[in-house]
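Report on the structure given below.
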Amino acid sequence: MTSLLDAGWPVLITALVLGYASGAIPFGLILTRFAGLGDVRAIGSGNIGATNVLRTGRKGLAAATLLCDALKGTLPVLVAGHWGEGPALTAGLGAFLGHLFPVWLGFKGGKGVATFIGVLLALSPLTLLAFAAIWLGLAFALKYSSLAALAASAATPVVLWALGHGHVAVLFLVLAALLWWKHAPNIRRLAAGTEGRIGQKG
């Protein structure tokens, strides 16, 4: 079996840095500032992701943030994929860490759902369909975006393993754990029954 380290440490480190540099671009902050809406961290949850950008009332801006945050996970994985599976997985990890902990913002970034999706798109589009089905089903039924994302992310490593993508499953087990950790406040609110529902004002 081919080792994930066959590409060599210099290539793996390059892939990690490439992924991190891409993932650390704070599109939510950049787009809202360019739109003249100030610092998105000053409203709502204080997060830089698409869900908080949506609280500005600009749906198009939120959609653009979602797309950009996803693509910053997809593109470095595709580039690093030319060097092999190990570098591709390493770039995916770097992109996710960059989004969660961007150096430019004092390591205070987003919660990772969009970038998780972007990395998954590059590594296993079929599994992304399963993620989307779980997210949409739960979001429609229960109206909790955070709960839908948590459930879909937890299912992702299982689906990848079932499809025979063992190395990718291990990566997404790590990414899902980090995503759950970043969603700790949401989990507490879900347990307390105070989490905001999709479409809920305020």
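The values are calculated or read from the model by the stated rules, or taken from the named source; none is laboratory data. Remember, it's a predicted structure, so these values are computed and weren't measured experimentally. We place every Cβ from the backbone using ideal geometry, glycine too, and count neighbours over all the protein chains shown. Heads up: the accessible areas ignore ligands, DNA and RNA and are worked out on the full protein's heavy atoms, side chains in. Shrake-Rupley method; radii C 1.70, N 1.55, O 1.52, S 1.80 Å.
For the list (1) modelled with pLDDT under 95; (2) within 12 Å of the chain's Cα centre (by Cα), I need the number of the one condition that residue 146 fails.
(2)
Is it the case, given these coordinates, that residue 135 is open to solvent by 50 Å² or more (accessible area, probe 1.4 Å), out of contact with any strand residue (DSSP E or B) (no Cβ under 6 Å at 6 or more places or on another chain), assigned to a helix (DSSP H, G or I) and under 22 Å from residue 40 (Cα atoms)?
Spelling it out, it is not the case that residue 135 is open to solvent by 50 Å² or more (accessible area, probe 1.4 Å), out of contact with any strand residue (DSSP E or B) (no Cβ under 6 Å at 6 or more places or on another chain), assigned to a helix (DSSP H, G or I) and under 22 Å from residue 40 (Cα atoms).
Taking region 149-192 only, how many residues are basic (Lys, Arg) and over 14 Å from the mean Cα position of the chain (by Cα)?
Residues in region 149-192 being basic (Lys, Arg) and over 14 Å from the mean Cα position of the chain (by Cα): 2 in total.
Of the numbered conditions (1) more than 14 Å from the chain's Cα centre (by Cα); (2) closer than 25 Å to residue 5 by Cβ; (3) surrounded by fewer than 24 Cβ atoms within 10 Å (Cβ to Cβ), residue 35 fails exactly one; give the number of that condition.
It fails just one condition, (2).
I'm trying to understand the selection: among the residues of region 72-85, which are buried (at least 20 other Cβ atoms within 10 Å of the Cβ) and either under 15 Å from residue 120 (Cα atoms) or free of Cβ contacts under 8 Å to residues at least 60 places away in the same chain (or both)?
Within region 72-85, 72, 73, 74, 76, 77, 80 meet the criteria.
Pairs under 8 Å by beta carbon, first residue under 16 Å from residue 114 (Cβ atoms) and charged (D, E, K, R) in region 17-44, partner at pLDDT 85 or above and assigned to a loop (DSSP other than H, G, I, E, B), six or more apart or different chains?
none
With within 16 Å of residue 23 (Cβ to Cβ) and open to solvent by 50 Å² or more (accessible area, probe 1.4 Å) as the only criterion, which of 119, 103, 170, 158 stands out?
From the options 119, 103, 170, 158, the qualifying one is 103.
I'd like the residue in region 38-47 that is part of a helix (DSSP H, G or I) and not charged (D, E, K, R) and, out of all such residues, is most open to solvent (accessible area, probe 1.4 Å).
Among them, the one singled out is 42.
Any residue that is surrounded by fewer than 20 Cβ atoms within 10 Å (Cβ to Cβ), aliphatic (A, V, I, L, M) and within 20 Å of residue 157 (Cα to Cα) - is there at least one of those in region 90-99?
Going residue by residue through region 90-99, those that are surrounded by fewer than 20 Cβ atoms within 10 Å (Cβ to Cβ) are none.
The answer is no, given that none of the residues of region 90-99 is surrounded by fewer than 20 Cβ atoms within 10 Å (Cβ to Cβ), aliphatic (A, V, I, L, M) and within 20 Å of residue 157 (Cα to Cα).
For region 48-69, how many residues are in contact with a Gly (Cβ under 6 Å, 6 or more places away or on another chain) and open to solvent by less than 40 Å² (accessible area, probe 1.4 Å)?
Qualifying residue count for the region: 5.
Take the residues in region 16-32 that are assigned to a loop (DSSP other than H, G, I, E, B) and surrounded by 21 or more Cβ atoms within 10 Å (Cβ to Cβ); name whichever of them is modelled with the lowest pLDDT.
Top of the filtered list is 26.
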